Amino acid sequence: VIENQYFFEISNLATRVRAMLQAAIYSKSLKLPEAVAATPPVTLMQVDTAKMEDLSYSAHTLWDGIFQVCGYSFLLVRYLGMAGLAGLALLLACLPLTAWLQVKLSTLNKRALKATEERVASTGEALDGIRAVRQLGWEDIFEKKVGALREAELSAQWRKNTLGAYLISYFSALPPFMITVVLFAYVSGPGGLAGMAFKPSVVFTALSLLNQIRFPLLFYPYALNSLAEGQAASDRIGAFLALDEAPSAQDSASTHDSHVSTADFIAAGTGPPLRVQAGRFALSPTSDHSLVLEHDLEIQSGEFVAIVGMVGSGKTTLVRAMLGELPSEGLQNPAGSVAYCAQQPWVPTGELRDIVAAGVGTADADTLKTALWAAVVDFAGEGDEVSSGTLSGGQQARVALARAIYHMRTTRKDGLRAVACVLDDVTAALDPQVANVVIERCLFGTLA
């Protein structure tokens, strides 16, 4: 009864450990600047948390097995005298080989995890750009690359599993060999080495104790393997959780009177919805490049502002600064909700109606039609299911633009409306004819 309760509690603990680690990794990924995570969070959440769960199952075996072996060995010495020490001497003689196998297994496990990570990253890269791969005829190139990484992964896994099999076989053969050594030492010499008669009561008791030693010795290699994998997974998870987070932007309302709300402040015409103070702002925690503003930038309600410049001149970076998304101190959050259409749009899977009206509540039919018309979303109906995998780049951009227009013309569930609309090169993926229609309907029509 107690053993069953133990396994029940251990199962609950292992499940909670995995769930808590997955929640911590997901929460951390939302606080990181762009492109700073060396390990994909999905790999950590799926593979490494499973290793930590396995370690939780077998962690107590690491110390409990030692106590069991020592306790049964003490009883052997008590029943068989000096003959019982022969089994202990055999265990001590095998410790160096056990330690070497464990260190080698830990090294091979880290190599296998690294090979798996490289293969997953390469496969994800190919799938993310599958359209370009197909259009340029690079299928064979990526197939060979992924195949080579897969072969390297299988080779690393084979070496790890082979050594693990040797370790399990080694521990499995040790108890029978101990029985042979102990009984041989007991019966050798006159009256046995222990000076006692060869009686069935003593022999069967010794065999029972030696059989009990089998269980911790059999399960110990599994525990050691889980420990090696758990240590590697723990290091990877710890390194990910220790990454520098993007500092939280300062609330714009905090610079005003605490008794005046942000909405009232803007409505009174005394504060800009978007504002960036002059200064130097780092593009990322590890980047040497930075955005330098010599003058304060303020965009008032009702203003139409265009940011123009050459490719790579920092236009998107300036937009991120206005939204408070750069990993730099001193940036302020926009003074209210902002309808934002990024250069690389995010389109989840779902009905077009729900994607455009996300976060607002029940979609308003008239406003939805206006937003879809203005963004030239004529390739799908309101109830059609769409996703980033079924839409081209230009179609995704138009869906994201329709979402921004919809949020500018409706009120959210909390009663607030967007105070500004920020569009980051939304016509880059559109052909000239569609781009002209979008500019005419949106910039000089719906959003004017």
Exercise. Listed residues LEU423, LEU368; which is under 23 Å from GLY302 (Cα atoms), free of Cβ contacts under 8 Å to residues at least 40 places away in the same chain and buried (at least 17 other Cβ atoms within 10 Å of the Cβ)?
Worked result: LEU368
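Quick grid of which residues meet (1) under 13 Å from PRO345 (Cα atoms); (2) out of contact with any helix residue (DSSP H, G or I) (no Cβ under 8 Å at 6 or more places or on another chain); (3) modelled with pLDDT under 85; (4) in a helix (DSSP H, G or I):
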residue	(1), (2), (3), (4)
LEU401	yes, no, no, yes
TYR406	no, no, no, yes
ASN436	no, yes, no, yes
ARG441	no, no, no, yes
ALA448	no, yes, yes, no
Exercise. From the list GLY87, GLY124, GLY81, GLY71, which residue is at pLDDT below 80 and closer than 28 Å to LEU227 by Cβ?
Worked result: GLY87
For this session: Go through segment 94-113 residue by residue and tally those that are touching a residue at least 12 places away in the same chain (Cβ under 8 Å) and either among the basic types (Lys, Arg) or open to solvent by 80 Å² or more (accessible area, probe 1.4 Å) (or both).
Result: 4
For this session: Output the qualifying pairs, or none if there are none: Cβ atoms under 8 angstrom, residues six or more apart or on different chains, first residue in segment 150-166 and among the acidic types (Asp, Glu), second residue at pLDDT below 90 and in a helix (DSSP H, G or I).
Result: GLU153/ALA112; GLU153/ALA115; GLU153/THR116; GLU153/GLU118; GLU153/ARG119
For this session: Please list, ordered by first then second residue, the pairs with beta carbon atoms under 8 Å, 6 or more apart or interchain, first in segment 77-93 and over 15 Å from LEU207 (Cβ atoms) and β-branched (Val, Ile, Thr), second assigned to a loop (DSSP other than H, G, I, E, B) and open to solvent by less than 70 Å² (accessible area, probe 1.4 Å).
Result: none
For this session: Kindly indicate whether PRO175 is modelled with pLDDT under 85 and open to solvent by less than 50 Å² (accessible area, probe 1.4 Å).
Result: yes
Problem set entry | ALA152 being more than 30 Å from THR390 (Cα to Cα), under 25 Å from the mean Cα position of the chain (by Cα), of a type in the set (A, V, I, L, M) and part of a helix (DSSP H, G or I) | yes
Problem set entry | Test: LYS144 is open to solvent by 60 Å² or more (accessible area, probe 1.4 Å), modelled with pLDDT of 80 or more, under 26 Å from the mean Cα position of the chain (by Cα) and not hydrophobic (A, V, I, L, M, F, W, C) | no
Exercise. What do you reckon, is LEU183 open to solvent by less than 50 Å² (accessible area, probe 1.4 Å) and under 30 Å from PHE204 (Cβ atoms)?
Worked result: yes
Exercise. Is at least one residue of segment 385-398 open to solvent by 30 Å² or more (accessible area, probe 1.4 Å), in a helix (DSSP H, G or I), farther than 17 Å from ALA339 by Cβ and touching a strand residue (DSSP E or B) at 6+ places or on another chain (Cβ under 9 Å)?
Worked result: yes
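The values are calculated or read from the model by the stated rules, or taken from the named source; none is laboratory data. Since the structure is predicted, the reported quantities are computational estimates derived from the model, not experimental observations. Glycine gets a Cβ as well: all are built from the backbone with ideal geometry, and neighbour counts include every protein chain shown. Accessible surface is based on the protein model in full, side chains and every heavy atom, while ligands, DNA and RNA are left aside. Shrake-Rupley method; radii C 1.70, N 1.55, O 1.52, S 1.80 Å.
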